[in-house]
């Protein structure tokens, strides 16, 4: 099996107040490079990508009905690690044929970035979520 991964693309962090979190990361020297809404169980959430140098952090706020799950966590709030791949369809095919536990039936399109992106997730041996993402 040969899978092409270029780098860690971003680390996803669920937040309870997107404005407060954006201000916090701005104070750390990060700059907002993208903001977009998304649907989660039929309600709208908001995503902000913050960047400093080669580090990108995805801050996302789920709809109000889902925020209780974030507040109740006792451990850290990092949700996933995303790997940048040059060809999402090839990565999906490679991991599917390798027998990995893929969460989606096919790569998913999001209206993020200028031209969108496509992604899918696999589950690691301890339940960690690893995202494979191609910015279009």
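When only residues in the stretch 8-43 that are over 15 Å from residue 80 (Cβ atoms), in a strand (DSSP E or B) and under 16 Å from the mean Cα position of the chain (by Cα) count, which is modelled with the lowest pLDDT? Looking at the filtered set, the residue picked out is 39.
Across the stretch 77-99, the number of residues qualifying as under 22 Å from residue 7 (Cβ atoms), at pLDDT below 90 and in a loop (DSSP other than H, G, I, E, B) comes to 3. Taken residue by residue, the stretch 62-72 has no member that is modelled with pLDDT of 90 or more, within 23 Å of residue 120 (Cβ to Cβ) and part of a helix (DSSP H, G or I). Taking each residue of the stretch 114-136 that is outside any loop (DSSP other than H, G, I, E, B) and looking for partners that are surrounded by 13 or more Cβ atoms within 10 Å (Cβ to Cβ) and at pLDDT below 85 with beta-carbon atoms closer than 6 Å, six or more apart or interchain, yields nothing.
Selection of first residues in the stretch 97-113 that are at positive phi and of second residues that are surrounded by fewer than 11 Cβ atoms within 10 Å (Cβ to Cβ), restricted to Cβ pairs under 8 Å at least 6 apart or on distinct chains, gives an empty result. When the stretch 114-128 is filtered for residues that are farther than 19 Å from residue 6 by Cβ and touching a strand residue (DSSP E or B) at 6+ places or on another chain (Cβ under 8 Å), the ones remaining, listed by number, are 123, 124, 128.
The values are calculated or read from the model by the stated rules, or taken from the named source; none is laboratory data. As the structure is a prediction and not an experimental result, all values here were calculated from the model. Please note: Cβ atoms are built from the backbone with ideal geometry, for glycine as well, and neighbour counts cover all protein chains shown.
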